[in-house]
Amino acid sequence: MAPPTRGRGGQSRGSTTSAPRKSTRGGIQKTRSRPIRVDRDGDLDMDAGSGARRSNRPPPTDPGTGRPQRQGATTRSTTKIQQVISRHLSGEGTDMVSKRKPQGGPLVWLEVKGLKESKAASNPDGGLRDLLAFLERKATGVASRIRPVVVKKVCLAIGDAQGSHIGVPNGPSSLNRQGAVVQIASSKEDAEEIIKLNNFSFAGAKLEISDSDGSLAQANAASAQAQDVKSKLTDVLSQRYMTDTKLLKLDALSQDQALVAMGILESKDRVEKMFRVMMKICDELFKTAKDKIDNIQSISLANNGIENATQVEELADTFPDLVHLEFSGNQISTVAQLAAWKGKFRKLETLHLNGNPIPVADLKTRAALVEYFPKLRDLNGEQLTPEHIEQLRAATRPAPIPQHGPDFRDANGIGETFLVDFFAAFDADRHGLLAKYYDEESQFSLAVDTNSIRNKDAPPPLSWSTYIPKSRNLTRITTPGARAARLLTGRESIFKIWSELPATQHPNIKEDISKYIMDCHLLSGLADPSGSTGIGHDGMIISVHGQFEEYDAASSQRGLRSFSRSFVLGPGRPGNNPIRVVSDMLLLRAYNPLPNIFAAGTAQPEPSDDQALRQAKIAELSKQTNMIPAYSEMCLSEVGWDFDQAVAKFHETKAVLPANAFASV
Amino acid sequence: MAANDFSEIARQFVEFYYNQFDSDRKGLASLYREQSMLTFESGSVLGAGPIVEKLSSLPFEKVKHQVSTLDSQPTVEGGILILITGALLVDEEQRPMNFTQAFQLMRDPSGGYFVFNDIFKLIFG
């Protein structure tokens, strides 16, 4: 079996000792019962709450240099930031890429010999529990500090290092072998205390504690280097901070002589790390959100060759309340390259992207920027009005299928006349309506859609009880008999069912056209019984969507319902009305307002250039002819969008256009 | 039972139509003829080729029709009028939309049915 590699940091090499510790020292539980603080990365901050009281502790000396470390208010958090710095700058840290990965300080490993020689070795667990308790208690005592020294990981090397394997702390047998070496891992700070216990006596044996693989020395060196880097970066930051304008000017960092001298601009990777460290330092300098708002309102990252916001993503984490961001002279070419900041700057009002390849004039780009930065009011120096922003927002709303006006291709106004007549009569005189337009072959059926989608704020649907027994929804009514019974043919049968339906009040088509959507198409090939109707041999198919108010006498229930109704109209029989209803299919839904197609102009999806041209033609034709846009569009589409032809066609056909084709109805 | 053949034809037609629409709408070409007219929202298109082109160009990838109601009546010349309501889900949009669609089926000289009129409307507010 190959010897285990002596991993560092997060690599787990053995079981932790948390269980034994808990059982041995009650006093520690108390200090741990303070609320546990979790820092931004989700790390447990083990120092929480203890920092303030540590100032009476003698300043730790750095064994590597013998110099006292910086002390004062920053002492406690220095540890944390130095860990970040050293990880970010030492080139170690594979976790550079993801800042969300938990970042505990790197563990320092020490080697402890002497357990086997101690009396405790005869304990059931080989004495390990006692040894760890001893080390933690003594080291805490030696350091005379409040926060206990903690051994975070333990690895037992049985035999000697060559023949070692990972031991189980509570396993009694393994420790009885010869030459037990215990490796313990702790934070660098704690390791410094533990190593002071070298030559202490433990249960009759002298302990030999050593930094056998230089782990502590390395950590100290890294820490010293990180401290140096931090101090230099803090200087750079303070020189670039304009107190009066509350501006942090981090532009053109590659030209900064201090940074050049530090050699941390050598690669893109290192520059990104440096930026992260800068943000960490800012988090240190301005501890609360209010501190940050009060001191830094504007940040410039201009002229840094930034290609993607991910390179400086932490800016949004450290300064989420930033108001002005100068980002000119970078290499952002698409909105997607700013996506890392999407929604993160909730208060950003100014964004300057001058000198980036990104096309800020492009409507889609603008719409996305307004979405990403919801408070944006100044883009590249241009003021965005609320109206403009609303337009941009509308352009990004999902509109997979553009909703436009109807396509009502009437002939001699017959369809329109029929509908106006029909709904008024259906409300007032169903019998008269049947007599006028229906005959013995006319058919009627109705169906109920109880599953239709409604707005959240729509009123609760009316009862369906009157309609359900009559509903001919073929997805539910499957037997031929029931299907046949619910299809009514001829005036009398239709009148019977109509008389059982609640009273209705449809909106007046002429006055309330926005409550309807109507389509009308000619059907050729219908036989013309009289040969003398206005529509010749043609019939028409009409599709109407709308709403009505209903009053159900049986339940005294009053309210709105939505409906769709399709008609097939054919030429009337000799001596009767010139047109007749061949088919009449009514479909009922719970009330939900229709899209107002006549007001839809403001919520149209963003027109492409081609569409924009068409919209312009529609607008101009409407202006010249007074037709509503839907008719202008229809007219233009029929002549292949040739404007002059459309005008000509309008003059040819205006005599037969229905009144509602015109804006001034 | 002859009186109900149209109902069954309508049901089968609707099932085929939406399955085909939701999997590959180009495959709907066989249902249209040169005199067929599709009205999709306000835009009307004449002829099988342009209709399929229009359907194919609609700005969504994934689409799912859920039919709520279906009703049909025999009309003139052996034709069938079909009225459908349902919910339409497109792409990643979670909110379904109400739609209605009216088909006028006609018979061609060989006796087969084809779509003469196809009127589609979204009716959400």
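Apart from one condition, A:ALA219 fits all of (1) of a type in the set (A, V, I, L, M); (2) touching a strand residue (DSSP E or B) at 6+ places or on another chain (Cβ under 7 Å); (3) modelled with pLDDT under 90; (4) surrounded by fewer than 20 Cβ atoms within 10 Å (Cβ to Cβ); the exception is (4). Selection over segment B:100-123 of residues that are assigned to a loop (DSSP other than H, G, I, E, B) and either of a type in the set (Asp, Glu) or under 16 Å from B:THR69 (Cβ atoms) (or both) gives a count of 2. Kindly establish whether A:VAL568 is more than 9 Å from chain B (Cβ to nearest Cβ), modelled with pLDDT of 75 or more, part of a strand (DSSP E or B) and surrounded by 22 or more Cβ atoms within 10 Å (Cβ to Cβ). Spelling it out, it is not the case that A:VAL568 is more than 9 Å from chain B (Cβ to nearest Cβ), modelled with pLDDT of 75 or more, part of a strand (DSSP E or B) and surrounded by 22 or more Cβ atoms within 10 Å (Cβ to Cβ).
Note on segment B:42-51: residues that are closer than 25 Å to A:ILE517 by Cβ and in contact with a helix residue (DSSP H, G or I) (Cβ under 9 Å, 6 or more places away or on another chain) amount to 5. Only a single criterion out of (1) modelled with pLDDT under 90; (2) β-branched (Val, Ile, Thr); (3) over 23 Å from B:ASN117 (Cβ atoms) is not satisfied by A:VAL448, namely (1).
Evaluate the following for A:SER637: is it modelled with pLDDT of 75 or more, crowded, with 17+ Cβ neighbours inside 10 Å, part of a helix (DSSP H, G or I) and within 14 Å of another protein chain (Cβ to nearest Cβ)? Yes. Output yes when any residue across segment A:122-144 is at pLDDT below 85 and within 50 Å of the chain's Cα centre (by Cα), and no when none is. The answer is yes; a qualifying residue exists. Filtering segment A:306-343 to residues that are under 11 Å from A:ASN356 (Cβ atoms) and of a type in the set (D, E, K, R) leaves only A:GLU307. Just one residue in the set A:ILE477, A:ILE494 is in the same structural domain as A:ASN592 (by TED's automatic domain parsing), in contact (Cβ under 8 Å) with a residue 24 or more places away in the chain, more than 21 Å from A:SER562 (Cβ to Cβ) and in contact with a strand residue (DSSP E or B) (Cβ under 9 Å, 6 or more places away or on another chain); that residue is A:ILE494. If you filter segment B:100-112 down to residues that are surrounded by 14 or more Cβ atoms within 10 Å (Cβ to Cβ) and in contact with a Lys or Arg (Cβ under 8 Å, 6 or more places away or on another chain), you find that the one that is modelled with the highest pLDDT is B:GLN101.
Suppose the filter is among the basic types (Lys, Arg) and more than 9 Å from chain A (Cβ to nearest Cβ); does B:LYS121 pass it? When the stated conditions are applied, B:LYS121 does not pass them. Return yes or no: is A:LEU322 surrounded by 15 or more Cβ atoms within 10 Å (Cβ to Cβ), under 21 Å from A:LYS375 (Cα atoms) and out of contact with any Pro (no Cβ under 6 Å at 6 or more places or on another chain)? Yes; evaluated as a whole, the condition is true for this residue. Within segment A:474-485, identify whether any single residue is at pLDDT below 85, at the interface with chain B (Cβ under 10 Å from one of its Cβ atoms), surrounded by 20 or more Cβ atoms within 10 Å (Cβ to Cβ) and in a loop (DSSP other than H, G, I, E, B), and answer yes or no. For segment A:474-485, residues at pLDDT below 85, at the interface with chain B (Cβ under 10 Å from one of its Cβ atoms), surrounded by 20 or more Cβ atoms within 10 Å (Cβ to Cβ) and in a loop (DSSP other than H, G, I, E, B): absent. Restricting A:ASP211, A:ASP235 to those that are among the charged types (D, E, K, R) and touching a Leu at 6+ places or on another chain (Cβ under 8 Å) reduces the list to A:ASP211.
Which one of these is farther than 30 Å from A:SER471 by Cβ and more than 8 Å from chain A (Cβ to nearest Cβ): B:SER44, B:SER56? Result: B:SER56 is the single residue among B:SER44, B:SER56 that is farther than 30 Å from A:SER471 by Cβ and more than 8 Å from chain A (Cβ to nearest Cβ).
Conditions (1) outside any helix (DSSP H, G or I); (2) under 28 Å from A:THR450 (Cα atoms); (3) among the hydrophobic types (A, V, I, L, M, F, W, C); (4) modelled with pLDDT of 90 or more, marked per residue:
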site	(1), (2), (3), (4)
B:ALA10	no, yes, yes, yes
B:VAL14	no, yes, yes, yes
B:ASN19	no, yes, no, yes
B:ASP22	no, yes, no, yes
B:ALA29	no, no, yes, yes
B:GLY49	no, no, no, yes
B:LEU70	yes, yes, yes, yes
B:THR85	yes, yes, no, yes
B:ASN98	yes, yes, no, no
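With the structure loaded, tell me whether B:GLU77 is at pLDDT below 85, within 11 Å of another protein chain (Cβ to nearest Cβ) and closer than 23 Å to A:ARG483 by Cα or whether it fails that test. It is true that B:GLU77 is at pLDDT below 85, within 11 Å of another protein chain (Cβ to nearest Cβ) and closer than 23 Å to A:ARG483 by Cα. Of the residues that make up segment A:370-384, is at least one in contact (Cβ under 8 Å) with a residue 12 or more places away in the chain, in contact with a Lys or Arg (Cβ under 6 Å, 6 or more places away or on another chain) and surrounded by fewer than 20 Cβ atoms within 10 Å (Cβ to Cβ)? The answer is yes; a qualifying residue exists.
Filtering A:GLU441, A:GLU500 for residues that are away from chain B (no Cβ under 14 Å), surrounded by fewer than 19 Cβ atoms within 10 Å (Cβ to Cβ) and acidic (Asp, Glu) leaves a single hit, A:GLU500. Here segment B:87-96 is the region considered, the condition is being assigned to a strand (DSSP E or B) and either within 11 Å of the chain's Cα centre (by Cα) or facing another protein chain (nearest Cβ under 7 Å) (or both), and the residue that is farthest from A:ARG483 (Cα to Cα) is B:VAL90. Here B:PHE103 meets each of (1) under 19 Å from A:ILE477 (Cβ atoms); (2) facing another protein chain (nearest Cβ under 8 Å) with one exception, condition (2). Going by what's in this entry, would A:PRO469 be described as in a helix (DSSP H, G or I), assigned by TED's automatic domain parsing to the domain that holds A:GLY572 and exposed (fewer than 15 other Cβ atoms within 10 Å of the Cβ)? Here the answer is yes, as A:PRO469 does meet what is asked.
B:ARG33 meets the conditions (1) modelled with pLDDT of 90 or more; (2) at the interface with chain A (Cβ under 10 Å from one of its Cβ atoms) in every case but one. The failed one is (2). Within segment A:291-309, if we keep just the residues that are assigned to a helix (DSSP H, G or I) and out of contact with any Asp or Glu (no Cβ under 9 Å at 6 or more places or on another chain), the residue that is farthest from A:MET279 (Cα to Cα) turns out to be A:ASP294.
The values are calculated or read from the model by the stated rules, or taken from the named source; none is laboratory data. Everything numeric in this text was worked out from a predicted model, so none of it was measured. Because the Cβ atoms are built from the backbone with ideal geometry, glycine has one as well, and the counts that use them run over all protein chains shown.
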